[in-house]
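Structure record follows, encoded as structure tokens.
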């Protein structure tokens, strides 16, 4: 019998979606239920907060690297 999974629709631009999918792949599909299109993803309701934290960390690291590269 099929089981339903509660999800949250996440709307974002394509670059953020790419990062979310990358995080999900690194963690054995722990977050994403379905990729709908380039700007919409359904994420497990119980994992939204953790995904936000990981996304913020990834964006901070990316921003810091760009600042270091620009100063060279």
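Can you list, largest first and rounded to whole Å, the semi-axes you get for the chain by taking the square root of 5 times each eigenvalue of its Cα gyration tensor?
Numbers: eigenvalues 155, 30, 18 Å².
Its equivalent ellipsoid spans semi-axes of 28, 12, 9 Å.
Quick one: angle between helix 48-71 and the longest Cα principal axis of the chain, in degrees between 0 and 90, rounded to 10, please.
Taking the Cα atoms of the chain, the angle to 48-71 is about 20 degrees.
Can you tell me the orientation of helix 14-26 relative to the chain, as the angle in degrees between its alpha-carbon axis and the longest Cα principal axis, to the nearest 10?
So the inclination is approximately 70 degrees.
Relative contact order for the chain using alpha-carbon pairs under 8 Å, separation at least 6, rounded to a whole percent?
Normalised by residue count, the contact order of the chain is 32 percent.
Read the figures in this text as sums done on the coordinates, not as results from a lab. Worth saying up front: this structure is predicted, and the values here are computed from it rather than measured.
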